[in-house]
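Take a look at the structure set out below.
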Amino acid sequence: MTGPVASPQVAEAVTDPKSYAAWTPLLDLFDTIRAETPVVRIESPKGDHDPFWLLTRYDDVMRVSKENARFLNAPRATVFTNKMGEALARDVTARQGEESPNLVSSLVALDAPKHPKLRRLTQEWFMPKNLRNIEAGIRELAAKTADRFVAASAGGSEVVDFIPLAAAPYPLHVVMQILGVPEEDEPRMLFLTQQMFGGQDEDLSKSGMAQMTPEMISQVVFGAVAEFESYFEGLAAQRRAYPTGDVATILANAEIDGEPISARDRAGYYIIVAAAGHDTTSASTAGAMLALAQDPEQFARVKADRSLVPGIVEEAIRWTSPVQHFMRTATEDAQFGDVTIKAGDWLMMNYVAANHDPAQFPDPRRFDAGRDANRHIAFGAGAHQCLGLHLARLEMRLLFDALLDRIDAVELAGEPKRAKSTFVGGLKTLPLRITPA
Ligand code: HEM
C-alpha cells in the first residue's frame, strides 16, 4: 500500500450512514477529500470493516467503471459492508452451497464471462424501442399517481408529503409490473427485500431486525432469500405456461449456452431488478421535485415548455446521485497519480463525490437543467452501466408531465429529511404545498 491514509474522523464520516442524511456537510466532506487526497485509504478506526481506497474524482470513477477486467465485481462485496455483514452473506450463501461475500448472485456481483451472457438476456427488453410497448401503461400509472397526490392536497389546503404519496410507490409499482408480480403481492415483496438488505435507516427498516442476534438475522435473511426464490420459481412456471411480453417471461425461458439458467440465477436477476429499480428512481424523482419547489421560476418555465422536462430529469439524477457508491476489487497493481493500488485491494467509487467534481461540472451544487453535455456518472459506466437507465428516465419524464398538467405552483412546506444510508440515499420526506391547476 502506497498512498495517503484518511484520518480516523474522515474514515468514520465516510462509512457512517448518518453522514449521508446531512447533504451539505456530506458534499463539503467530499470536496475537502477530493481537493486534498482524491485517492485515499479508508481504514476502520475500530477494525470493523476491511480497508478500501476511496475515489472522489470523476475521471478516476469513470476509469475504474470502464476497466472491467482490471477492477472486478465478484471477489469482494460490491456494496460497502462491515465484517459482520460480510460474515452474514458468507453464512447465508454457504448454506446454499456457493459461499460468496455477496448475498445474492446477481448481475452486480458477477464478472465476465458469465455477466455479459446473463445481461444480454434482457438488454434488448430495457432499450427505448421495446419500452415503447409499455409506455402507455406507465403513463396511466403516472396519471393515477399525480391524481392521488393532488387529491391529497385537498384543493391545496393540506401539506402533502411527496415521498409516500408519489415518489416511492410509483417506481415500485412499475418494477413489480415488469417482473409480473400481481399488485396484492407487492407488500410481501417489499418486506422480503427489506429483510434481505436490512436497511441502515431506522425509519425505513421495517424488518424489526435491530434487536436480533447475528444468528437470528442470518436465519431471517436465509428464509427471505429462499422465499423469494420459491415465489419466483412459481411465477416462472406460470410464465412458461402462459407467456407474456414481460421480463418475467424472458427469464422463465432463459438459456445460456443451450442450458436453462439455474433457479438461483433467475432469483438473483429478479432480486436485482426489483431492488435496483425502485428506491433509486424514487430518490431522483424526489430530487427533481425538490429542485422545482425551491425555484418557482424554473417550475413556471418547464410547465410552459415541456421540452425542458428531459433536462430537469437528467440534472436531478446527477444532483441527487441516488446510488452513492459501488465497490470493485483490483486484479493487478494500478497507478492513480502518486498512489499505487495493489492487486486484491478494495475500492469505493463514490458517485456523489464524482458527480460533484468541479473539474467536470462547473458550480456542481447548482441545479442547472440546461447543463451542456451532462455526462454524469450516476448510472455508472462500462459493462455494469445501469440496465434500467432508459426506464428510469421514461418513468420520471411521464410522472413530471402528469404533475405539471395538474399543478400550477409548488413550494416547500417544511424541512425535507434524507435517509441515513451509505448505499442508496435520498429524501424520505418532502413536505409540499401545491396550487392545483
Ligand atoms: C435514477 C434511477 C437509477 C439510478 C441512479 C441507477 C444507478 C445504477 C448504478 C450506479 C448501477 C451500477 C453501475 C456500474 O456498476 O457501473 C446500476 C446498475 C443496475 N441497475 Fe440501475 N439505477 C437506476 C434505476 C434502475 C431501474 C429503474 C432499473 C430496472 C428496473 C435498474 C436496474 C439495474 C440493474 C439490473 C443493474 C445491474 C447492471 C449490471 O451489473 O450489469 N436501475 N444502476
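Is there a residue in the range 68-78 that is touching a Gly at 6+ places or on another chain (Cβ under 9 Å), touching a residue at least 12 places away in the same chain (Cβ under 8 Å), farther than 18 Å from A334 by Cα and part of a loop (DSSP other than H, G, I, E, B)?
The answer is yes, given that some residue of the range 68-78 is touching a Gly at 6+ places or on another chain (Cβ under 9 Å), touching a residue at least 12 places away in the same chain (Cβ under 8 Å), farther than 18 Å from A334 by Cα and part of a loop (DSSP other than H, G, I, E, B).
Among (1) out of contact with any helix residue (DSSP H, G or I) (no Cβ under 6 Å at 6 or more places or on another chain); (2) assigned to a helix (DSSP H, G or I); (3) within 14 Å of the ligand (Cβ to nearest atom), there is one condition E140 misses while meeting the rest; what is its number?
Checking E140 against (1) out of contact with any helix residue (DSSP H, G or I) (no Cβ under 6 Å at 6 or more places or on another chain); (2) assigned to a helix (DSSP H, G or I); (3) within 14 Å of the ligand (Cβ to nearest atom), the one that fails is (3).
Based on this model, can you work out whether L72 counts as under 24 Å from R375 (Cβ atoms) and within 16 Å of the ligand (Cβ to nearest atom)? Steps first, answer last, please.
On the way: under 24 Å from R375 (Cβ atoms): no; within 16 Å of the ligand (Cβ to nearest atom): yes.
It is false that L72 is under 24 Å from R375 (Cβ atoms) and within 16 Å of the ligand (Cβ to nearest atom).
Answer yes if at least one residue in the range 258-267 is touching a residue at least 24 places away in the same chain (Cβ under 8 Å), surrounded by fewer than 24 Cβ atoms within 10 Å (Cβ to Cβ) and not in a helix (DSSP H, G or I), and no otherwise.
Yes, some residue in the range 258-267 is touching a residue at least 24 places away in the same chain (Cβ under 8 Å), surrounded by fewer than 24 Cβ atoms within 10 Å (Cβ to Cβ) and not in a helix (DSSP H, G or I).
Hey, can you tell me all the residues within the range 79-113 that are of a type outside the set (A, V, I, L, M), touching a residue at least 60 places away in the same chain (Cβ under 8 Å) and within 16 Å of the ligand (Cβ to nearest atom)?
Within the range 79-113, F80, S105, S106 meet the criteria.
I'd like to check something: does the range 151-169 contain any residue that is at pLDDT 95 or above, closer than 25 Å to A252 by Cβ and assigned to a helix (DSSP H, G or I)?
No, the conditions are met nowhere in the range 151-169.
Pick from G370, G388: which is more than 23 Å from the chain's Cα centre (by Cα) and touching a residue at least 40 places away in the same chain (Cβ under 8 Å)?
On the way: G388 fails: more than 23 Å from the chain's Cα centre (by Cα).
Checking each option against the conditions leaves just G370.
Looking at the range 375-426 only, could you name the residues that are under 29 Å from V79 (Cβ atoms) and more than 13 Å from the ligand (Cβ to nearest atom)?
So the first thing to find is which residues in the range 375-426 are under 29 Å from V79 (Cβ atoms), and the list is 375-397, 399, 415-426.
Selection gives R375, E415, P416, K417, R418, A419, K420, S421, T422.
One line per residue, one yes/no per condition, for (1) touching a strand residue (DSSP E or B) at 6+ places or on another chain (Cβ under 9 Å); (2) modelled with pLDDT of 95 or more; (3) under 30 Å from D111 (Cα atoms); (4) not charged (D, E, K, R):
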position: A304; (1), (2), (3), (4): no, yes, no, yes
position: G311; (1), (2), (3), (4): no, yes, no, yes
position: M327; (1), (2), (3), (4): yes, yes, yes, yes
position: R365; (1), (2), (3), (4): no, yes, no, no
position: R393; (1), (2), (3), (4): no, yes, yes, no
position: R406; (1), (2), (3), (4): yes, yes, no, no
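Six or more apart or on different chains, Cβ under 6 Å: which pairs go from a residue in the range 315-342 that's within 8 Å of the ligand (Cβ to nearest atom) to one that's at pLDDT below 95 and in a strand (DSSP E or B)? Could you list them?
P322/V424; V323/V424
Kindly provide the set of residues from the range 110-137 that are farther than 17 Å from C386 by Cβ and part of a helix (DSSP H, G or I), ordered by number.
K114, K117, K129, R132, N133, I134, E135, A136, G137
Every residue in the range 93-103 that is touching a Phe, Trp or Tyr at 6+ places or on another chain (Cβ under 9 Å) and either of a type in the set (A, V, I, L, M) or closer than 14 Å to M327 by Cβ (or both), please.
Once the filter is applied, which keeps residues that are touching a Phe, Trp or Tyr at 6+ places or on another chain (Cβ under 9 Å) and either of a type in the set (A, V, I, L, M) or closer than 14 Å to M327 by Cβ (or both), the range 93-103 yields only L103.
The values are calculated or read from the model by the stated rules, or taken from the named source; none is laboratory data. It should be emphasised that the depicted structure is a prediction, and the values quoted were computed from it without experimental measurement. Virtual Cβ from ideal backbone geometry, glycine too; neighbours counted across all protein chains shown.
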